[in-house]
Amino acid sequence: MPNQQYRRTATSAVKPHAQALDLTEFRSRLRIQINQALTAPPNTVTLLRPPPGAGKSFITSAEVACLPESAKVIVFAQTHDLANAEWEKRIPGSLRLMSLDRMAGEGRLTNADGDGIDCPFAEQIKAAQSRGLPYFGYYCSQRCPFAGACSYHTNKKKAEDTKVLVCPHAYLPSSASSGLLDDRIVIIDECAASFLRTRIEWMPEKISSFRGILDSFEMTGEADKPVLDALRRVLSEIEAVPGGQSRTMSDPGYILYHSDAFREKLNRFFSDSQVRGWNLFRDLKEIAIYQRFVRCSKSAGDAELNRWSIRSNLPPNSKPILVLDATGTRELYEALFPGRQIVVWPEEGQNFSPKSDVTVFADGAYPQSSLWDTTSETPKPSKCFTGILDHVGKVIEFHKGDMKSVGIVTLKKLVETVVRQFPEIPLKNILHYGSLRGRNEIKDCALVFIIGCQPPALHDIAKGAVT
């Protein structure tokens, strides 16, 4: 292989004890397992691994729709498009959580009468959100002609009482601190390990900038010194984690548990002074309360700098967690959810005869950066990726495969390159990850190539996510 990061391939084969899949019978059994998962004891993580095309999302959404009104659920899908098509549209009365930009883009931003509107302060609110500044009082309730009665704010108010909330994987890191998980069954559709593993990444200049903001805030005389000292201790403890090592943060005491008044003062300071910086207060508070796991790595470049990653496994939950992941392993989810009861179905060692010979190129820590070259003046597919495609062509030639029976799955930005190199492969057989759900065209292909699919290495998960 031209790039060491993709030195291995994994090829499926019919195992000795594999069995043919009776889809009708299997779906009946799957429905039973889903019901058991939705009513499992608190803190139970059920991993359902049905083969592609078995209908796991479809059946689960139907069962969720039938739950009693007292049962509240939150669903995390891979993208907004999939959250919409596979969950929101299938579950009557569900509510999809969206940003202001997303609502406007989908034409869902309306006034109190349900008429479509444009937000007059969209850019200002977006800028305030990116800096962690308060904006509702300044823009929405005081200056907006809709007086905060647009669908963006009314949906936020409805969220607490809505039976089923739907959102993309990207909402996972902030879901605990926002209260979205409180007393809700959690459903994660497909692997979300990357969001469960890393909350944020800080570089030295980011920490230095925020420490300077705290110093400036202290000079106003409004700051509560015990809270300031606790925040500085957490910052120092993060910086003390050396490169290549991990550490669980110590408990700085209860001072940050009751610091809402401090945050309100800090927000006013940000708003009045227009200081540019990052709102790390919420992250530092979360690290302290949940004693997050911090790992330090070196960034590549002209000068090596430390980068601190905050691991954020979901906190203990009063309701069960259901994960729908066809390729998930017990080891992966034991690492992602340490100390919880893990239930896996189908059981380990139970195999189903595959219809396709599948080759997976998946041995890179950062598949996007190794497949997509950003070092050139114009970003383009990397030499690693073009080398993999050459290898794919040789495999197809060796098997004397019919190009109409070949499927390729890769990153969205690389689909066009695949189409140009293999014009004989039907367009419906060349997919990106986001287009896979609800698409079963390639399940009958004789040869399937997955390029860039990257489950985290188990030893890395265990080292980075388990204390």
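Mind checking which residues of the stretch 144-179 are open to solvent by 10 Å² or more (accessible area, probe 1.4 Å), β-branched (V, I, T) and not in a helix (DSSP H, G or I)?
T162
For the subset of the stretch 62-94 comprising residues that are open to solvent by 60 Å² or more (accessible area, probe 1.4 Å) and of a type in the set (G, A, S), which member is nearest to the chain's Cα centre (by Cα)?
In this case the residue turns out to be G93.
Among (1) in contact (Cβ under 8 Å) with a residue 24 or more places away in the chain; (2) surrounded by fewer than 21 Cβ atoms within 10 Å (Cβ to Cβ), there is one condition F121 misses while meeting the rest; what is its number?
Checking F121 against (1) in contact (Cβ under 8 Å) with a residue 24 or more places away in the chain; (2) surrounded by fewer than 21 Cβ atoms within 10 Å (Cβ to Cβ), the one that fails is (1).
When you scan the stretch 167-176, do you find a residue that is at pLDDT below 85, out of contact with any helix residue (DSSP H, G or I) (no Cβ under 7 Å at 6 or more places or on another chain) and aliphatic (A, V, I, L, M), even just one?
The answer is yes, given that some residue of the stretch 167-176 is at pLDDT below 85, out of contact with any helix residue (DSSP H, G or I) (no Cβ under 7 Å at 6 or more places or on another chain) and aliphatic (A, V, I, L, M).
Does any residue of the stretch 413-424 turn out to be open to solvent by less than 80 Å² (accessible area, probe 1.4 Å), closer than 27 Å to K56 by Cα and either out of contact with any His (no Cβ under 9 Å at 6 or more places or on another chain) or at pLDDT 90 or above (or both)?
yes
Among the residues in the stretch 344-352, are any part of a strand (DSSP E or B), surrounded by 17 or more Cβ atoms within 10 Å (Cβ to Cβ) and modelled with pLDDT of 75 or more?
Among the residues of the stretch 344-352, at least one is part of a strand (DSSP E or B), surrounded by 17 or more Cβ atoms within 10 Å (Cβ to Cβ) and modelled with pLDDT of 75 or more, which makes the answer yes.
Six or more apart or on different chains, Cβ atoms under 7 Å: show the pairs whose first residue is in the stretch 69-97 and closer than 18 Å to R184 by Cα and whose second is among the acidic types (D, E).
Listed pairs, sorted by first residue: K72/D183; V75/D189; F76/D189; A77/E86; A77/D189; S94/E88; R96/E88.
What's the total number of residues in the stretch 393-408 that are in a helix (DSSP H, G or I) and of a type outside the set (D, E, K, R)? Write out each step before concluding.
Kept after step one, since they are in a helix (DSSP H, G or I), are these residues of the stretch 393-408: 393-399, 403-405.
Checking which are of a type outside the set (D, E, K, R) leaves us with 393, 395-396, 398-399, 403, 405.
The number of residues fulfilling the criteria is 7.
Residues of the stretch 96-111 being open to solvent by 20 Å² or more (accessible area, probe 1.4 Å) and assigned to a strand (DSSP E or B), which ones?
T110
Could you give me the residue pairs with C-beta distances under 8 Å whose first residue belongs to the stretch 319-340 and is assigned to a loop (DSSP other than H, G, I, E, B), whose second residue is open to solvent by 60 Å² or more (accessible area, probe 1.4 Å) and modelled with pLDDT of 80 or more wherever it lies, and which are 6+ apart or on separate chains?
Taking only residues 6 or more apart or on different chains, the pairs are K319/P42; K319/D183; P320/T39; P320/P41; P320/P42.
Which numbered condition in (1) open to solvent by less than 60 Å² (accessible area, probe 1.4 Å); (2) at pLDDT below 75; (3) outside any loop (DSSP other than H, G, I, E, B); (4) more than 19 Å from M219 (Cα to Cα) is the only one that F270 fails?
F270 satisfies all of (1) open to solvent by less than 60 Å² (accessible area, probe 1.4 Å); (2) at pLDDT below 75; (3) outside any loop (DSSP other than H, G, I, E, B); (4) more than 19 Å from M219 (Cα to Cα) except (4).
With the stretch 182-261 as the region, which helices (runs of 4 or more DSSP H) entirely inside it contain at least 2 residues that are modelled with pLDDT of 85 or more?
Working: elements: 193-197, 204-219, 225-239.
Helices (runs of 4 or more DSSP H) meeting the threshold: 204-219, 225-239.
Taking the conditions exactly as written (modelled with pLDDT of 90 or more, closer than 14 Å to G452 by Cα and open to solvent by less than 30 Å² (accessible area, probe 1.4 Å)), does L389 satisfy them or not?
Numbers: modelled with pLDDT of 90 or more: yes; closer than 14 Å to G452 by Cα: yes; open to solvent by less than 30 Å² (accessible area, probe 1.4 Å): yes.
Answer is yes for this residue.
The values are calculated or read from the model by the stated rules, or taken from the named source; none is laboratory data. Note that this is a predicted model, so its numbers are computed, not measured. Here the Cβ is made from the backbone with ideal geometry for all residues, glycine too, and neighbour counts use every protein chain on show. Calculation scope for accessible area: heavy atoms of the full protein, side chains included, ligands and nucleic acids excluded. Shrake-Rupley method; radii C 1.70, N 1.55, O 1.52, S 1.80 Å.
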